[in-house]
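What follows is a short report on a single structure.
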Amino acid sequence: MSFGYKNDNKKRMNILHLEASVGWGGQEIRILKEAEGMRARGHNIIIVVAKGGGLVKEAKKSGFQVYEINFRKIYWLSSFFKLIKIIKNHSIDIVNTHSSLDAWLGGIVCKCLKIPVVRTRHLSAYIRGGLNGIVLYGKLADKVVTTCEDMVSYICNLSKKTKDHCISIPTGVDATKIVYKNQDVEDFRKGLKIEKDDFLIGLVCFMRSWKGIYDFMEAIKLLKNEKNLQWVIIGGGHSESYMLKAKEMGLNNLHFTGHLENPFSAIGALDVFSLLSTANEGVSQASLQAAFLQKPLITTPTGGLKEVCIDNLTGIQVPIFSPNKVAEAVLKLKNDRALCLKLGSNGKKLVDEHFTLPAMLNKMEKIYQSVLK
């Protein structure tokens, strides 16, 4: 696997990642991918995760030294000293924090030990301002990394810092992992009873309230009389309520796959990729993967989605909460296969030029080196 250049003249860094989230999603996957990439470049990576966190198993499987501590506030005193011990035992040079609780605890520890902190903000969600923003994103962070451009000026204003304090570094696509066989695509469509002439639109995400799933379902209802249209939601999460709603709405042409360990053949089976997030979205990995696989996109302009789904270049942008516009976009693409090919080709080019894993690692490495000077 290639992670881009490795420069042996650069200082070997001991990097500690802190993650208070107990989930397993895009945020945790980014941490792991970055850790693997930096290790391949000669750096030493240690990971501290909340007890029972989803990252624990995957990071250990990948061969990292992983510690579990409790980031809840009532445990901060004991966790404070545990963290100091870990940092000293591994001669940590720099700490990267990823969630609110670990950013507070890690930031305070690092200030005491005079160790630089990079705060990675993965979501585009609202951040409580005032003293909270000034301290958490200013005083306790030497640099802030976001995953979409929308958040850069917002965080600079919030933290009362100049524009060089924050930089957008989207999660890069690892092209070596996005592989599948044509037979896998055929098997996926057959498994859902998708006919050869059917046009398949897929929404790929971990199902949460802000992923626009109800808007997706309303668009299906609007197009219920359109022939040869099939729809699929790929991903795990809070699926029960959505499956029940689909049944109530009579959406017989909507399929649910649940979580797929390897989703690439499923994405490869789509004619159109859709993600209709209404909030919180960075540069979605699923949208990047779909663009890399030359799928035309239909997304909202939320957060970093518009950096990948560029209207009329790589896909069609629709306003949030607008199932009628989603339906219009689907019909436009269904009736114009040449447009689908054009948008898909442009999407692949965009990812190759701006959103690769080596490009992300290059930028992160420069950020770490800048705060160590």
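Kindly indicate whether any position in segment 226-244 is touching a Lys or Arg at 6+ places or on another chain (Cβ under 7 Å), free of Cβ contacts under 8 Å to residues at least 60 places away in the same chain, surrounded by fewer than 24 Cβ atoms within 10 Å (Cβ to Cβ) and under 20 Å from ARG189 (Cα atoms).
no
Take segment 247-258 and flag every residue that is touching a helix residue (DSSP H, G or I) at 6+ places or on another chain (Cβ under 6 Å) and either more than 18 Å from GLY212 (Cα to Cα) or not in a strand (DSSP E or B) (or both).
Selection gives MET249, LEU251.
Quick check, is LYS61 more than 21 Å from ASP174 (Cα to Cα) and either at pLDDT 95 or above or more than 24 Å from the chain's Cα centre (by Cα) (or both)?
Criteria not met by LYS61.
The conditions are (1) on the phi < 0 side of the Ramachandran plot; (2) touching a residue at least 60 places away in the same chain (Cβ under 8 Å); (3) in contact with a Ser or Thr (Cβ under 6 Å, 6 or more places away or on another chain), and GLY303 fails exactly one of them. Which is it?
Against the list (1) on the phi < 0 side of the Ramachandran plot; (2) touching a residue at least 60 places away in the same chain (Cβ under 8 Å); (3) in contact with a Ser or Thr (Cβ under 6 Å, 6 or more places away or on another chain), GLY303 comes up short only on (1).
Could you tell me whether segment 325-347 includes any residue that is among the polar types (S, T, N, Q) and in contact (Cβ under 8 Å) with a residue 60 or more places away in the chain?
No, every residue in segment 325-347 fails to be among the polar types (S, T, N, Q) and in contact (Cβ under 8 Å) with a residue 60 or more places away in the chain.
Looking at segment 184-211, I want the residues that are closer than 18 Å to VAL283 by Cα and have a partner that is assigned to a strand (DSSP E or B) and at pLDDT below 95 with Cβ atoms under 7 Å, at least 6 apart or on another chain. Which pairs are those?
Close Cβ pairs (under 7 Å, with a partner that is assigned to a strand (DSSP E or B) and at pLDDT below 95) amount to VAL204/GLY235; CYS205/GLY235; PHE206/GLY235; PHE206/GLY237; MET207/GLY235; MET207/GLY237; ARG208/GLY237.
Name every residue in segment 118-132 that is among the aliphatic types (A, V, I, L, M) and either in contact (Cβ under 8 Å) with a residue 60 or more places away in the chain or exposed (fewer than 13 other Cβ atoms within 10 Å of the Cβ) (or both), in order of residue number.
VAL118, LEU123, ALA125, LEU131
Which one of these does VAL283 not meet: (1) more than 30 Å from ASP93 (Cα to Cα); (2) in a loop (DSSP other than H, G, I, E, B); (3) aliphatic (A, V, I, L, M); (4) touching a Leu at 6+ places or on another chain (Cβ under 8 Å)?
VAL283 satisfies every listed condition except (1).
What is the number of the single condition among (1) more than 18 Å from LYS366 (Cβ to Cβ); (2) buried (at least 21 other Cβ atoms within 10 Å of the Cβ); (3) of a type in the set (Lys, Arg) that ARG30 does not meet?
The one condition ARG30 does not meet is (1).
The values are calculated or read from the model by the stated rules, or taken from the named source; none is laboratory data. Fair warning: this is a prediction, and the values are worked out from it, not measured in the lab. In this analysis, Cβ positions are derived from the backbone assuming ideal geometry, glycine residues included, and neighbour counts consider all displayed protein chains.
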